[in-house]
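The values are calculated or read from the model by the stated rules, or taken from the named source; none is laboratory data. From a predicted model like this one, the values you see are computed outputs, not experimental measurements. Neighbour counts are summed over all protein chains in view; Cβ atoms, including those assigned to glycine, are modelled from backbone coordinates with ideal geometry. Heads up: the accessible areas ignore ligands, DNA and RNA and are worked out on the full protein's heavy atoms, side chains in. Shrake-Rupley method; radii C 1.70, N 1.55, O 1.52, S 1.80 Å.
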Amino acid sequence: MIPTIPRSRSFRLIYGTYVLLFFLYLVLPLAVVATFAFNNSQFPSLPWEGFTWNWFFGEERPQIGVFHERGILRAVGTSAFVALCVATLSVCVGTTNAFLFNRYEFRGKGLLYVLMLLPLVIPGIVLGISVLVFSSTLANGLWDLAQIDLQFLRPGLLLVILGQFSFITTIATLVISARLQKFDRTLEEAALNLGATQLVAVRTVTLPFLAPALIGAIVVAFLMSFENFNTTLMLVGSDAPLTIAMFDRLKEGSTPLLNAVSLLLMLGSSLLALGLILFQRGR
Amino acid sequence: MRAQARIGFILLLMPLILWLGLLIIIPHIDMFLISIRERISFGVYETSLTHYQKALTEPLYLRTFWRTAVMSVLATVITLLIAFPVAYYIAKMARGRLQQVLFLLCLIPFYVSELVRTFGWMILLRETGIISHLLQWAGLADQPVEMLYNDAAMMVGLVYTSMLFMVVPLVTTLESLDDSVVEAGYDLGGTGLSVLREIIIPHAMPGIVSGCIVVFMLSLGNYLTPTMLGGKDSLWFTEMIYNQFIVRSNWELGAAFGFMLLVLSSVIVWGMLRLTGRTLQETLG
C-alpha cells in the first residue's frame, strides 16, 4: 500500500508474489517463442536439439533461414509498403482532423466528433467486410453501367490499405489532438503580428510544436498496420502481408522458421517503440 | 479574412467527410442493404428479412452468437480482476525507477503482433508443448497432456491479448488518486475493504469503464485466438462471418451476421456508458 499505511509482512509478500507471477505470465509466451527460434529441430517444441543459427541464415533444406526464404521476405516487403501508406495517409488526415476540432466551432461538431471515434468501437472484421461489400458494389455498378472493370476495387492491397486506414486515422487524430490542445495560441498570433500569413505561421510555429506527436502518430500507425490481422484478413488478395502469410503457415504446422520471424518482429517493434520513447523523453 | 477562414474550414472538413463517408458510413449502410436482400434468381433481388430470420432461428448460429457475447463479458471480467491489483501496485506501491520499468513491461505485448502471442501460447500448451513436458518431468502426468483446443486455453489467450488495454487506463486513473485521501479513509476507521469500496474503486471508475469497453470490443471481434487456441466447440461469431464471406461466398448471410455483431457491440458499449453515466468522448478521447 501507500508507504504511510502499515501492512503486515505476509500481505506484502503475497502481493509481491502476485505481481511477479503476473509479469511472468506476460513474458512467458514471448520468451518461449524467442528461445525456440534457435532449436536445431524441425519443430518449435521440446526436446531441445541444440543451438543453431540456421533458422535465420540457413541456406539449404530442410532448414532454410528467414533471410533466404523468398515468401517471407516478400510478405515483409508487402507489409512495410502497406504500413508506410497507411501511416502517411492516416497522419495527414489525423492532422487536418485535429486542426478542425481544435480551431473551429460549427454546428454538428459534437456529432462529427462521436462519428470520428466510432471506428474504434467497430470490430475489425466488420470494418473489413463493410469495405469489401462497398467496393464490390462500386465495381459491379461500374461494370453494369459502362463495362469498366476496375481491378483495384477487388480484394487486394488498395483495399487492405483503405481498411486499415479507416480505423488507424482515429488513433492518429487522438494522438495529434492531445498535443495540439496544449499549444499556446498566442505564439501563432505573435507570428501573425510579425507579418506572417496564416499558412506561414502554422508551418513555422505550430507544426514544429506538433512534431513529437506527428512522429509518435507515424510510428504507432506503422506498428498497428504492420500487426493488423482482422481487417486485413477480409480484404487480402493474392499479395499477403506478413501476418496473413504467417497465419497460413501456422495452420499447416509450424517450423522454428516462424519463431525466427517472430523474434525479428519483436526486436524490430521494440526498437521502434524504444526509439520513440527516448525521442519523446529527449524533448 | 472571414472568407479565408471559411475556405480553411472547408479544406479541413473535406478529408474528415471523405474518410467517414466513404470508408465508415456508406460501407455500413451498404452492408445493411446487402443483408436485407434475398437472391431470387440470377441478378434479381428482393428485399426481405430472411437472413436475419435464418440467423435467429438456426440453433447453431444463435448459440454461437450468445456464446461469443457471454464469453467476451467473462473475458472482460477476468481481465479486470487480474489487472486491478497489478495496476494498483504500479500506481501506488512501486516507486521511481521500478514504477517506470513495470509500466513499460506492461506495454511489451502490445508491440508484438497478436499472431506471435498466440503462437507462444500454442508452443506452451500443446500436447508436445512446454507445460506438458514440465508436468511429465515433475511426475504429475504419465503421458503427454493436451491443453490446447478448449475454452480454458482460449480464455487464457483472450485475457493475455487484451491485458494491456485494461492495465494502462487503470494505472492512469489510479495515479491521479491522492495518497492522503486513502490515508484519511484509514484514519476515519475504514478497513482495507471499505477503503477499497468507498474510495479507490469510485475514483478508478473512469479507468475501469474505458478499460472494460476496449477489452470487450477486442474479445468480441477477435478471430485469431478462438481459431488457433479454441476447440471444435469453441466457435466464435467472427469465424462464422469469415466462413460465410470467404468460404461459402454467401455475402447476404455474412452481412447479416456482421450487422448483428455490430448491434451487439453497440448495445453493450452503450449500456456500459449509460450505467456509469459517461459519454463516448470522455471514455475514448
Cross-link partners among lysines for A:Lys182, C-alpha distance below 24 Å, same-chain residues fewer than 8 apart left out? A:Lys109
So what is the 222 nm mean residue ellipticity for chain A from helices alone, if each DSSP H run of at least 4 adds -39500 (n - 2.57) and you divide by all residues, rounding to the nearest 500 deg cm²/dmol? -23500 deg cm²/dmol
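Averaged over A:71-77, how many beta carbons belonging to a partner chain fall within 10 Å of each residue's beta carbon? If you can, show how the numbers build up before the last one.
On the way: counts 0, 0, 0, 0, 0, 0, 0.
For this peptide, the per-residue mean of nearby foreign Cβ atoms is 0.
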Keeping every protein chain present and rolling a 1.4 Å probe, give me the accessible area per residue for region A:79-282 in Å². 43 Å²
Here, B:Val101 and B:Gln281, labelled 7 Å along Cα→Cβ, have an inter-label distance in nm of 4.2 nm
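Could you size up the charge dipole of the protein assembly as shown around its Cα centre, putting +1 on the beta carbon of Lys and Arg and -1 on that of Asp and Glu, and report it in debye to the nearest 20? Don't skip to the end; give the middle numbers.
Values: 35 positive and 33 negative charges, 223 e Å.
Its charge dipole is roughly 1080 debye.
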Accessible surface of region B:49-284 [probe 1.4 Å, protein heavy atoms]: carbon and sulfur percent: 65 percent
Cross-link candidates for B:Lys54: which aspartates and glutamates have Cα within less than 13 Å, leaving aside residues fewer than 8 places away along the same chain? B:Glu38, B:Glu252
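For A:107-120, what's the mean count of beta carbons from other chains sitting within 10 Å of each residue's beta carbon? Write down the numbers at each step before the final one.
Details: counts 0, 0, 0, 2, 0, 4, 3, 5, 7, 7, 5, 7, 4, 7.
Counting Cβ atoms of other protein chains within 10 Å of each residue's Cβ and averaging gives 4.
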Among the residues of region B:91-126, which ones have their accessible area go down by 50 Å² or more when all the protein chains sit together, as opposed to their chain alone (1.4 Å probe)? B:Met93, B:Tyr111, B:Ser113, B:Leu115, B:Val116, B:Phe119, B:Ile123, B:Leu124
Projecting each Cα onto the charge dipole of chain A (Lys/Arg +1, Asp/Glu -1 at the beta carbon, about the Cα centre), which of A:Ala87, A:Ser177, A:Leu138 comes out farthest on the positive side? A:Ser177
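Only four residue types carry charge here, +1 at the Cβ of Lys and Arg and -1 at the Cβ of Asp and Glu. Report the dipole size of region A:79-282 about the Cα centre in Debye, rounded to the nearest 20.
Details: 11 positive and 10 negative charges, 100 e Å.
The calculated dipole for region A:79-282 is roughly 480 debye.
Please go through region A:101-167 and write out the trypsin sites (Lys or Arg not before Pro) that DSSP classes as loop and that have at most 10 other C-beta atoms within 10 Å. Don't jump to the answer; show the numbers that get you there.
Details: sites: A:Arg103, A:Arg107, A:Lys109; in loops: A:Arg107.
Answer by residue number: A:Arg107.
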Most mobile listed residue (A:Gln42, A:Gln147, A:Gln181) in chain A, GNM with C-alpha springs under 10 Å: A:Gln147
Among B:Ala94, B:Thr128, B:Leu177, whose Cα projects farthest towards the positive end of the dipole of chain B, with charges put on the beta-carbon of Lys, Arg (+1) and Asp, Glu (-1)? B:Leu177
Treat each spin label as a single point 7 Å out from the Cα along the C-beta direction, and report the B:Tyr52 to A:Arg281 distance in nm. 5.4 nm
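So what is the 222 nm mean residue ellipticity for chain B from helices alone, if each DSSP H run of at least 4 adds -39500 (n - 2.57) and you divide by all residues, rounding to the nearest 500 deg cm²/dmol? Each step should come with its number before you reach the end.
Working: 15 runs with 203 residues, N = 285.
The helix contribution divided over chain B gives -23000 deg cm²/dmol.
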Would you mind getting me the FRET efficiency between B:Asp178 and A:Arg154? Use the beta-carbon distance for r and R0 = 56 Å, nearest 0.05. 0.45
Extending each Cα 7 Å along its Cβ direction at B:Trp137 and B:Asn250, get the distance between those two points in nm, one decimal. 4.8 nm
Please list the non-local residues whose amide H lies under 5 Å from the amide H of B:Ser48, H modeled 1.01 Å from N, same-chain partners needing a gap of 5 or more. B:Arg37, B:Glu38
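Using the heavy atoms of the protein chains alone and a 1.4 angstrom probe, what is the accessible area of region B:104-251 per residue in square angstrom?
On the way: 6020 Å² over 148 residues.
Value for region B:104-251: 41 Å² per residue.
Within a Cβ distance under 14 Å of B:Tyr186, other residues only, what is the Lys/Arg minus Asp/Glu net charge? It would help to have the intermediate numbers written out before the result.
On the way: positive: A:Arg7, B:Lys92, B:Arg197; negative: B:Asp178, B:Asp179, B:Glu183, B:Asp187, B:Glu198.
Around B:Tyr186, the surrounding residues sum to -2.
Using r as the Cβ-Cβ distance of B:Ile17 and A:Glu69, and R0 as 51 Å, what FRET efficiency do you calculate, to the nearest 0.05? Intermediate results must be reported in sequence, preceding the final value.
Numbers: r = 44 Å, r/R0 = 0.86.
The calculated FRET efficiency here is 0.70.
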Give the cross-link partners of B:Lys232 among the aspartates and glutamates, using a straight C-alpha distance below 15 Å as the criterion and excluding same-chain residues fewer than 8 apart. B:Glu146, B:Asp151
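Peptide B:26-34: average number of partner chain Cβ atoms within 10 Å per residue?
That works out to 6 on average.
Can you give the net charge of the other residues whose Cβ lies under 12 Å from the Cβ of A:Ile72, counting K and R as +1 and D and E as -1?
Working: positive: A:Arg70, A:Arg74, A:Arg249; negative: A:Glu69, A:Asp248.
Neighbourhood net charge equals +1.
So which chymotrypsin sites (Phe, Trp or Tyr not before Pro) in region B:31-77 end up in coil per DSSP with only 10 or fewer other C-beta atoms within 10 Å?
Working: sites: B:Phe32, B:Phe42, B:Tyr45, B:Tyr52, B:Tyr61, B:Phe65, B:Trp66; in loops: B:Phe42.
Passing sites in region B:31-77 are B:Phe42.
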Put +1 on the Cβ of each Lys and Arg and -1 on the Cβ of each Asp and Glu in chain B; which of B:Leu229, B:Val195, B:Ser266 then has its Cα farthest toward the positive end of the dipole? B:Ser266
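Find me the longest stretch of chain A that has none of the exposed GluC sites (Glu not before Pro), where exposed means in a DSSP loop (not H, G, I, E or B) with at most 13 other Cβ atoms within 10 Å.
Numbers: sites that count: A:Glu49, A:Glu59, A:Glu60, A:Glu105.
The longest uninterrupted stretch comes out as A:106-283.
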To the nearest 20 debye, what is the magnitude of the charge dipole of region A:137-227 about its Cα centre, counting +1 on the Cβ of each Lys and Arg and -1 on the Cβ of each Asp and Glu? 220 debye
Applying the span-like rule to chain B (DSSP H, Cα extent along axis at least 24 Å, Kyte-Doolittle mean at least 0.0) gives B:2-19, B:59-88, B:151-175, B:201-220, B:251-276
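Given R₀ = 30 Å, what would the calculated FRET efficiency be for A:Leu21 paired with B:Leu196, taking r from the Cβ atoms and rounding to 0.05?
Numbers: r = 21 Å, r/R0 = 0.70.
Result of the calculation: an efficiency of 0.90.
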